[in-house]
1. Taking the options 293, 316, name whichever one is in a loop (DSSP other than H, G, I, E, B) and either in contact (Cβ under 8 Å) with a residue 24 or more places away in the chain or touching a Cys at 6+ places or on another chain (Cβ under 7 Å) (or both).
2. Whether any residue in region 450-464 is under 24 Å from residue 816 (Cβ atoms) and in contact with a strand residue (DSSP E or B) (Cβ under 7 Å, 6 or more places away or on another chain) is what I want to check.
3. Go through 397, 409, 341 for me and flag whichever is out of contact with any Pro (no Cβ under 9 Å at 6 or more places or on another chain), over 28 Å from residue 437 (Cα atoms) and either at pLDDT below 90 or among the hydrophobic types (A, V, I, L, M, F, W, C) (or both).
4. Residues being of a type in the set (D, E, K, R), under 28 Å from residue 883 (Cβ atoms) and open to solvent by less than 60 Å² (accessible area, probe 1.4 Å): count how many of those fall in region 527-573.
5. Of everything in region 133-156 that's surrounded by 15 or more Cβ atoms within 10 Å (Cβ to Cβ), of a type in the set (Val, Ile, Thr) and over 21 Å from residue 196 (Cα atoms), which residue is modelled with the lowest pLDDT?
6. Read through the list (1) touching a helix residue (DSSP H, G or I) at 6+ places or on another chain (Cβ under 8 Å); (2) surrounded by 20 or more Cβ atoms within 10 Å (Cβ to Cβ); (3) more than 15 Å from residue 811 (Cα to Cα), then give the number of the only condition that residue 524 fails.
7. Go through (1) under 42 Å from the mean Cα position of the chain (by Cα); (2) more than 29 Å from residue 508 (Cα to Cα); (3) open to solvent by 20 Å² or more (accessible area, probe 1.4 Å) one by one and return the number of the condition residue 204 breaks.
8. Any idea which of 80, 98, 107 is part of a helix (DSSP H, G or I), at pLDDT 90 or above and closer than 30 Å to residue 235 by Cα?
Amino acid sequence: MSFKKPKPPRLSAAAQPWRESHNTPIRKVYGRKNLVLLPQIDVQMRSNAFTHGAAAQPKAQNQASPARLVPLRVTPDKRLIEHGHWTHALQVCIPVYLSLLCRSNNLRSVSRTAAGSCQCPASARKLNIRVLSMEDIVSITVCACRPTQALLALGYFPSSPVRPSFAFDIKMLEFASQLYLHSPPNMTAWSSTLEAYLRGRGYQLAGVDIIRRKFAKAKRYYQLLVAETEVHVRKYALKTRLESQVEDSGDEEEWVDDDEELMDGDYLAECCVLCFGAVAEHDDHVPADVIVCLDACFVQKRMEPQHSSGHDAPLCHPRTRVLTDKEVKEAQVIVESMRPAPAPRTNTTEPPKDDSVETGMKVPSSVLDGCSESFKAADEKRSKASSKFFADTGLMALLCRHDKVLWLANMTTPGERQYYAIALLLKLFRALPSHLTVGILYDIGCQLHRSCTKWDFIPDYMDRIIWGIAIFHAYGHQWPCQLVYHPRKCVGFGLSDGEGCERFWSSIQKLVPPLRVSGYHQRIYTLDLQVDFLKKEGMMELGDWLRRKWDTCMDKKGKAQGVLDSCPFSELELDDFWKDQVATQTLPLVTATVNLAKNTIKSILDLKEHSKTLLVDIKKLDEAIAQGELEDVDEVMHERGELSAKRDDIEAQIRRKMGQLGVTDKQNLKALLGNKYLQVRMQARALKDRIQAKLRDRKFELDRLNRSYNQVSASERRLAEHVQTQVTRHEPSVVKSVTRFNKLCDDLSELIRTRKAPRHAVSPLKLDQKTIFSLDVDDPVWSDKGLTGEDVQVPEWLGNDDARDGIQAMLMIARCREEECYLQREVCFLSAWFVREWGYMEDCLIQCGLWFNCGFMHIPFLQILVDDDIAYYLKRQKATLLLQGALWARSLTGSTLVDVNDLNFWGPASSEFKAALASHFGARVEEPEDAESDSDKSDGSNRQEEEDLLESIEQMQLGGEEVDSIQEYLDLREAAEDRGRDEMGRSPRKRMRPLSDD
């Protein structure tokens with residue numbers, strides 16, 4: 001009898017929860033009999049926020065889940081924690097930075113001695129920090145309580161806000177910041193060069209690539225500190241201005257406590273002075289008060305982060321130009337809810353539909369469909385950037401006509417969606433006053449206009465919009481579309497070209513490589529820095545821009561006026577020619593279908609029946625009027641007039657359609673329903689109308705190309721090449737239509753030869769493909785012999801060169817007149833903005849030196865505040881503003897755009913402008929701060945006099961003297977104001993109102 005080795009007892013399901021729940025066998029390690037590997041167990045938080053391990057298998061229905069919820073400790077993101085520390089540190093560093101600028105004379109002579117000592121005991125913790133500069137590496141020790149403020153007071157900026165180990169010279173950070181605004185950012189090259197330079201001088205650094213990581217972070221937050229400081233001082237200036245206005249008016253309701261609301265009102269004026277420097281009423285001479293352009297760029301992409309790292313630290317510029325995700329999502333919801341989903345495509349071929357003009361549009365649907373097929377931007381489903389490899393696929397920008405960025409939208413879709421443009425337009429209209437109109441130039445402006453009209457995306461603003469297409473993209477549109485939307489033919493755009501976005505994309509193309517691999521917030525922050533830099537650089541050139549545009553406008557107007565004077569037609573005749581051309585070339589075209597003649601005959605029969613019904617109604621009204629049985633005769637006569645007008649319109653339609661058929665009223669229309677000859681002739685007629693329309697479009701599109709043959713500039717050559725490419729793109733379709741027309745002509749000749757056509761029928765002339773593009777007036781293409789029974793007379797706007805040249809000159813003069821109005825208004829806005837800003841600067845400087853915080857109706861107390869740091873910063877801004885005004889006045893002097901006497905009322909004296917220009921162009925160099933000059937001595941004596949004055953006023957307040965007996969105080973105040981005027985120039989600050997008895 002043999003015995004088998006007994007098997008080990010199997011555990012129950014309760015004893016093997018891990019095996020039953022995962023249905024996974026026990027794994028044993030090879031060579032290790034006693035080592036058993038248990039299967040992986042899911043560990044999940046109660047909030048289901050994180051799961052470790054493989055996904056759990058579905059459990060049986062009769063089984064209880066043995067899984068246990070194990071709470072895990074989630075480690076906060078270190079980047080978010082560090083950014084929170086930086087946010088707090090920068091807010092408290094703004095006064096320190098202002099003090100540093102004041103003490104160092106704008107970083108010209110930075111003192112490395114601490115301005116103040118720390119209050120911590122000697123036993124407090126100290127930090128040993130290595131400071132890098134362009135000259136050396138030094139080690140300093142600061143207290144650990146406030147290291148960022150302590151380092152900044154010494155002229156250094158740390159790489160970390162709490163316990164920094166490295167710091168950098170603030171001069172080097174400022175140099176690098178300016179360098180990377182003028183050139184492509186490259187932290188690796190900068191850090192490697194600096195490290196090699198320092199190592200060559202004998203300084204050693206522990207670690208690999210340590211400078212790049214530390215320096216990049218320090219530069220990033222230093223730039224943020226500079227931006228926050230600028231916004232802080234701007235808020236101070238706006239509050240000071242508002243307080244002065246409230247004090248003068250006595251209306252406390254005008255006070256605004258919200259800083260964001262205060263800055264939002266100043267946003268558009270900061271973006272563009274010429275567009276929003278002042279607020280004016282709507283000008284009836286120009287339909288558009290503001291002209292903007294839209295465009296998308298799919299080159300500015302950002303790659304998908306590796307390992308799903310997500311967003312970086314939420315770094316945000318205080319005056320960001322990028323729309324938030326919430327604003328874009330709002331526009332997306334509007335578009336997707338208003339526009340229905342597209343119908344699924346089928347393999348069946350739909351019959352061609354009759355062409356027509358949609359409600360609210362001015363061009364036929366076939367033209368809009370052709371424009372949509374010509375542009376990739378119009379196809380939202382076309383993929384221009386892979387969303388698989390790129391987290392952000394591009395940018396869409398909204399700029400004014402002066403190439404100043406108003407807002408940007410970050411795109412995350414593969415194609416160019418319309419809701420990005422809608423989001424930008426909603427942002428613009430919500431920031432504009434309700435009485436201003438806007439002209440919008442977009443490369444597919446006709447398609448956006450069509451969508452907004454058809455689906456009612458922005459109903460509250462449609463009556464305030466003038467739609468147009470950018471001038472460089474206009475030649476890709478159908479000619480009827482150009483007649484309506486081209487900025488040189490559309491009323492309201494002046495000489496604006498709508499290509500400001502293209503110039504903006506060109507200016508930031510250096511950011512493409514570094515931003516391709518940057519974080520989400522870092523990319524937006526870098527774009528904001530570049531936009532702010534371009535805006536400040538462009539401020540100096542506004543005078544040159546206005547002068548250049550004015551001279552160009554006058555030159556074009558003079559040339560066009562010369563052509564118009566030599567034209568044999570009057571301006572009224574040319575205007576009639578132009579209206580007839582637009583009306584003719586924007587008519588819907590008839591589709592050359594087989595059943596065209598049959599459908600036309602049926603339409604004529606229906607119209608005749610309707611006309612008979614109207615005639616019966618008219619006779620009944622005539623009989624009632626003749627019998628005199630009506631009470632309200634006027635109402636009946638009005639009704640009869642409407643019926644008569646309607647019948648006349650129907651009779652005109654019948655005559656037009658009968659002319660298309662080429663039949664007389666005596667013929668039986670019902671007998672012609674199956675006529676083969678009439679069917680072929682109607683097809684040939686519709687096809688020839690299309691050929692004529694395409695040839696006319698080609699002729700007018702080539703006009704600019706033929707006029708620019710003698711241009712030698714690179715831009716003109718590129719534009720001519722672009723026009724030639726777009727025009728020749730339509731030639732194959734014309735040749736195909738000519739071939740089809742000649743085939744129909746052969747069919748008509750065969751029907752005539754076999755006597756299946758009416759008596760005296762004539763076959764139409766065939767077209768020559770070789771000479772079809774010569775566009776000769778006597779070419780057979782313009783003759784409708786054999787199709788209508790009579791030849792069509794060529795209109796003047798098509799066959800007369802003088803008429804065409806006169807129409808172009810008339811349109812150019814109209815656009816130049818609009819441009820004159822725009823430029824004159826922009827000069828007024830520029831002057832008003834400068835005068836206002838100059839007055840604000842002087843008021844704020846006086847307030848910094850002697851700030852009276854007074855009540856609105858009486859003076860309960862007198863508070864004295866002296867802030868030299870803000871005063872110094874404001875003086876630097878005032879010097880920049882003075883230089884801007886000097887450059888603007890220098891450019892506008894001698895131009896007929898502005899009166900020279902108006903420049904004398906800007907605020908500064910002519911001597912101040914001359915001194916600013918001399919200093920800017922290097923004629924005079926500012927003396928160093930340590931060199932004591934007469935002005936420094938006088939400034940010191942003035943400050944001593946001010947201190948004595950303030951001390952006297954304070955003694956009066958402490959002595960409890962009554963306000964009624966304050967004549968001495970008024971004399972002292974007047975002396976202080978006189979001293980302020982002598983120092984600051986002519987001040988527009990108003991005197992304080994007489995004190996009340998309270």
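The values are calculated or read from the model by the stated rules, or taken from the named source; none is laboratory data. Computed from a prediction, not measured in an experiment: that's the story for all the values here. Glycine gets a Cβ as well: all are built from the backbone with ideal geometry, and neighbour counts include every protein chain shown. Protein only, heavy atoms only, side chains kept; ligands, DNA and RNA dropped before computing areas. Shrake-Rupley method; radii C 1.70, N 1.55, O 1.52, S 1.80 Å.
1. 316
2. Looking for residues that are under 24 Å from residue 816 (Cβ atoms) and in contact with a strand residue (DSSP E or B) (Cβ under 7 Å, 6 or more places away or on another chain), one finds none in region 450-464, hence no.
3. It is 341.
4. Residues meeting the conditions: 3.
5. Among those that are surrounded by 15 or more Cβ atoms within 10 Å (Cβ to Cβ), of a type in the set (Val, Ile, Thr) and over 21 Å from residue 196 (Cα atoms), it is 142.
6. (1)
7. Just one mismatch for residue 204, condition (1).
8. 98
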